[in-house]
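Reviewing the structure listed below.
The values are calculated or read from the model by the stated rules, or taken from the named source; none is laboratory data. Small disclaimer: the values here were computed from a predicted structure and weren't measured. Here the Cβ positions follow ideal geometry from the backbone for every residue, glycine too, while neighbour counts run over all protein chains shown.
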Amino acid sequence: MTIKAMLDGNRRFVNDEFNRRLDYYHGIAQGQTPKVLWIGCSDSRVSESAITDSLPGTIFVHRNVANIVAFNDVNLASVIEYAVGTLRVSDIVICGHTNCGGIAAIDSGIEDHYIADWLLIANGAKDAVDRIARERELTKEERLKLLVDENVKLQIDHLKELSVIKHRHPPAHMPRIHGWVYDVDTGRIEVLVDGYLREGG
């Protein structure tokens with residue numbers, strides 16, 4: 001994909017999509033009311049709007065390497081705070097995906113300094129997979145898929161412990177939390193955690 005191809009694509013978007021739904025796009029130009037916060041991987045193959053067939057204006061998005069929820073990430077924390085407190089999204093989705101380079105690097109190790117430091121946040125998922133692997137034999141593909149799954153579950157645990165989520169108490173708005181995995185080979189989404197909602201305070 002070249003820059004020229006992207007600009008040509010924008011012209012097609014305006015002609016074929018934007019102008020065809022002019023009232024819709026003029027409506028969302030006045031303000032956004034997304035119902036979902038998406039925390040996903042930066043991988044170029046996993047476009048949240050494309051894989052869920054969603055229009056612009058419907059998903060508030062944060063993406064990073066290996067869809068990690070970091071305790072010290074002010075950017076992510078501000079996204080969550082704005083999504084929950086101001087936009088009042090009803091659902092938060094943490095979505096991993098198969099054939100993830102970040103997940104493979106967690107398992108095999110990596111020497112790139114910043115990436116290695118970032119992926120340390122997901123080491124708990126590798127520990128869980130190592131325990132399972134000691135109990136049963138796993139192929140390389142099974143191990144990596146399991147690591148993708150365990151990482152999504154770990155990041156949900158991290159999300160639930162962030163102050164902006166943990167210290168919200170009813171009647172404050174409380175979003176449901178979902179854990180998904182997108183299969184890059186089939187295009188299908190697998191639901192791992194379906195709408196967790198913390199009860200009470």
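Which residue is nearest to the chain's Cα centre (by Cα), if the candidates are limited to region 28-48 and must be surrounded by fewer than 14 Cβ atoms within 10 Å (Cβ to Cβ) and free of Cβ contacts under 8 Å to residues at least 12 places away in the same chain? Here the residue is S44.
Does region 12-20 contain at least one residue that is out of contact with any Gly (no Cβ under 7 Å at 6 or more places or on another chain), within 27 Å of V181 (Cβ to Cβ) and acidic (D, E)? Within region 12-20 (the criterion being out of contact with any Gly (no Cβ under 7 Å at 6 or more places or on another chain), within 27 Å of V181 (Cβ to Cβ) and acidic (D, E)), the answer is no, since none of the residues qualifies. State whether one or more residues within region 142-161 are loosely packed, with under 14 Cβ neighbours inside 10 Å, out of contact with any strand residue (DSSP E or B) (no Cβ under 8 Å at 6 or more places or on another chain) and farther than 29 Å from G31 by Cα. Yes; the residues of region 142-161 include at least one that is loosely packed, with under 14 Cβ neighbours inside 10 Å, out of contact with any strand residue (DSSP E or B) (no Cβ under 8 Å at 6 or more places or on another chain) and farther than 29 Å from G31 by Cα.
Mind telling me which of the residues G85, G124, G96 ends up being within 15 Å of R63 (Cα to Cα), of a type outside the set (A, V, I, L, M, F, W, C) and either part of a strand (DSSP E or B) or in the same structural domain as T186 (by TED's automatic domain parsing) (or both)?
Values: G85 fails: within 15 Å of R63 (Cα to Cα); G124 fails: within 15 Å of R63 (Cα to Cα).
Every option except G96 fails the conditions.
If you go through region 80-97 and keep only what is within 23 Å of L146 (Cβ to Cβ) and either in contact with a helix residue (DSSP H, G or I) (Cβ under 6 Å, 6 or more places away or on another chain) or surrounded by fewer than 18 Cβ atoms within 10 Å (Cβ to Cβ) (or both), you end up with I94, G96.
For the condition in the same structural domain as D185 (by TED's automatic domain parsing) and of a type in the set (D, E, K, R), what is the one hit in D73, D23?
Numbers: D23 fails: in the same structural domain as D185 (by TED's automatic domain parsing).
Checking each option against the conditions leaves just D73.
If the requirement is being in the same structural domain as C41 (by TED's automatic domain parsing), in a helix (DSSP H, G or I) and not polar (S, T, N, Q), which of these qualifies: L146, L192?
On the way: L192 fails: in a helix (DSSP H, G or I).
Testing whether each residue is in the same structural domain as C41 (by TED's automatic domain parsing), in a helix (DSSP H, G or I) and not polar (S, T, N, Q) leaves just L146.
Please work out if V184 is in a loop (DSSP other than H, G, I, E, B), at pLDDT 90 or above and closer than 13 Å to C95 by Cα. For V184, the condition - in a loop (DSSP other than H, G, I, E, B), at pLDDT 90 or above and closer than 13 Å to C95 by Cα - is met.
So that you can scan it fast, the table gives a plain yes or no per residue for (1) acidic (D, E); (2) at negative phi; (3) crowded, with 19+ Cβ neighbours inside 10 Å:
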{"position": "N67", "(1), (2), (3)": "no, no, yes"}
{"position": "N75", "(1), (2), (3)": "no, yes, no"}
{"position": "G102", "(1), (2), (3)": "no, yes, yes"}
{"position": "A116", "(1), (2), (3)": "no, yes, no"}
{"position": "A125", "(1), (2), (3)": "no, yes, yes"}
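For the criterion of being assigned by TED's automatic domain parsing to the domain that holds W180 and basic (K, R), R45 passes.
Being of a type in the set (K, R) and either outside the structural domain of F71 (by TED's automatic domain parsing) or not in a helix (DSSP H, G or I) (or both) is true of R168. Consider region 162-200 and keep the residues that are on the phi > 0 side of the Ramachandran plot and touching a residue at least 60 places away in the same chain (Cβ under 8 Å). The one that is surrounded by the fewest Cβ atoms within 10 Å (Cβ to Cβ) is G187.
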